[in-house]
Amino acid sequence: MNKPQTQFPSNSIKDPEWAQVIKHRLDTSVIGHKILCYKRTSSTNDLAKDLAGTEKKEGVVIIAREQTQGRGRLHGDQPRKWYSPPGGLYASILLRPTISPNQAPSLALVCAIAVANVLRKQYNISAGIKWPNDLLINDKKICGVLTEGSTSNGSLNHVIVGIGINVNVTTQSLRKGAQSSGTSMLIELGTELSLTEVICHVLEEFEKLYLEFIEHDLSKLLHSYRSLLLTLGQWIKIQTIDETLEGIAQDIDSNGSLILQLADNSVRQIYSGEVIMSKRV
Ligand code: BT5
């Protein structure tokens with residue numbers, strides 16, 4: 001019988017030298033035991049999904065300097081686009097946590113905390129989180145996180161955590177990609193940064209928080225998440241799959257759901273949706 005072949009998109013250009021440099025610099029035990037780097041690919045999440053068929057050990061990381069089909073979360077049945085020009089950092093981590101499928105979205109929150117911690121502690125960039133997993137500075141998006149899971153017979157096979165960070169992306173480039181409402185580390189700091197250094201910090205911080213999450217679920221991390229959340233206590237508008245709701249973002253529960261208090265004082269638990277920052281009218 002033929003061994004299943006991983007189909008890498010034909011426009012992918014590998015970058016094994018970069019993988020070596022990162023591997024040498026990285027100080028982790030699980031995340032990044034294997035690293036595959038690309039100068040360009042379609043989407044690192046797609047590559048990770050292909051690899052999940054053959055790669056049984058969790059922690060493989062796929063990193064690209066540019067993506068031609070970077071994507072965000074689903075909007076209806078279509079994914080939103082993630083603009084992925086050179087200068088940005090695009091990475092996907094293959095995980096096999098022994099958690100229930102309904103806990104998998106929490107990994108996006110874990111990742112958002114990790115990136116926010118790195119931006120704050122290593123680079124002095126005061127990014128906050130827009131629930132569930134956008135990182136913003138003064139209302140401008142600097143990073144997005146996309147988790148995609150696979151289940152069979154009600155249990156989780158794997159989760160892929162995809163991270164897009166605007167590191168050395170210029171204002172002109174964001175404008176060209178119709179993302180003027182975005183920002184980058186370069187724009188915030190006025191200086192270019194090493195992509196290697198940024199990804200190593202992110203993977204090291206993510207590993208620390210991931211191991212904590214596996215041991216204790218979100219409970220030990222909720223305090224950090226809440227303190228980074230931009231919308232807590234504020235009046236927000238939220239678009240879910242089937243309705244638009246308005247109310248006060250009261251809290252985040254132990255599954256990472258948003259607790260929204262509506263104008264009639266009733267309380268709703270929101271599992272997923274898009275927060276539109278809003279002033280009460
Ligand atoms: C996200 O989706 O923010 C998740 C983005 C995840 C990207 C990573 S890159 C590595 C891995 N491989 C992939 O293919 N994806 C992951 P969402 O919350 O749906 O936000 C998407 C929205 O963000 C878009 O509709 C734009 O409004 C905005 N956006 C797109 N590209 C942007 C950029 N480079 N900077 C700032 N905002 C952007």
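Do you know which of the residues in the range 19-68 that are in a loop (DSSP other than H, G, I, E, B), over 15 Å from Ile160 (Cβ atoms) and polar (S, T, N, Q) is nearest to the ligand (Cβ to nearest atom)?
Among residues in the range 19-68 that are in a loop (DSSP other than H, G, I, E, B), over 15 Å from Ile160 (Cβ atoms) and polar (S, T, N, Q), the one nearest to the ligand (Cβ to nearest atom) is Thr68.
Tell me yes or no: at least one residue of the range 108-120 is near the ligand (Cβ under 9 Å from one of its atoms) and either part of a strand (DSSP E or B) or farther than 18 Å from Ser272 by Cβ (or both).
Looking through the range 108-120, none of the residues is near the ligand (Cβ under 9 Å from one of its atoms) and either part of a strand (DSSP E or B) or farther than 18 Å from Ser272 by Cβ (or both).
Among the numbered conditions (1) touching a residue at least 60 places away in the same chain (Cβ under 8 Å); (2) closer than 18 Å to Ile214 by Cα; (3) out of contact with any Gly (no Cβ under 7 Å at 6 or more places or on another chain), tell me where Thr147 comes up short.
Condition (1) is where Thr147 drops out.
Being within 30 Å of Glu17 (Cβ to Cβ), over 18 Å from the mean Cα position of the chain (by Cα) and surrounded by 14 or more Cβ atoms within 10 Å (Cβ to Cβ) narrows it down to one residue among Glu204, Glu192, Glu188, Glu246; which is it? Before the answer, list the steps.
Numbers: Glu204 fails: over 18 Å from the mean Cα position of the chain (by Cα); Glu192 fails: surrounded by 14 or more Cβ atoms within 10 Å (Cβ to Cβ); Glu246 fails: within 30 Å of Glu17 (Cβ to Cβ).
Only one candidate passes the filter, namely Glu188.
When you scan the range 185-269 for helices (runs of 4 or more DSSP H) that lie fully inside it, which ones turn up with 3 or more residues that are out of contact with any strand residue (DSSP E or B) (no Cβ under 7 Å at 6 or more places or on another chain) and more than 20 Å from Gly162 (Cα to Cα)?
185-189, 222-228
What number of residues in the range 107-143 are surrounded by 24 or more Cβ atoms within 10 Å (Cβ to Cβ) and either of a type in the set (Asp, Glu) or touching a Gly at 6+ places or on another chain (Cβ under 6 Å) (or both)?
Adding up the residues that qualify gives 1.
State which residue pairs qualify: first residue within 20 Å of Leu195 (Cα to Cα) and inside the range 108-136, second residue within 14 Å of the ligand (Cβ to nearest atom) and among the acidic types (Asp, Glu) in any location, beta carbons under 7 Å apart, and separation of 6 or more residues or different chains.
Going by the 7 Å Cβ cut-off, the qualifying pairs are Ile125/Glu188.
Restricting attention to the range 136-169, and to residues there that are among the hydrophobic types (A, V, I, L, M, F, W, C), assigned to a strand (DSSP E or B) and more than 9 Å from the ligand (Cβ to nearest atom), which single residue is nearest to Ile259 (Cα to Cα)?
Leu136
Looking only at the range 82-105, filter to residues that are more than 8 Å from the ligand (Cβ to nearest atom) and small (Gly, Ala, Ser); which one of those is surrounded by the fewest Cβ atoms within 10 Å (Cβ to Cβ)?
Selected residue: Ser100.
FYI, it's all coordinate maths here, none of it is from the lab. What you are looking at is a predicted structure, and each value in this text was computed from that prediction instead of being measured. Because the Cβ atoms are built from the backbone with ideal geometry, glycine has one as well, and the counts that use them run over all protein chains shown.
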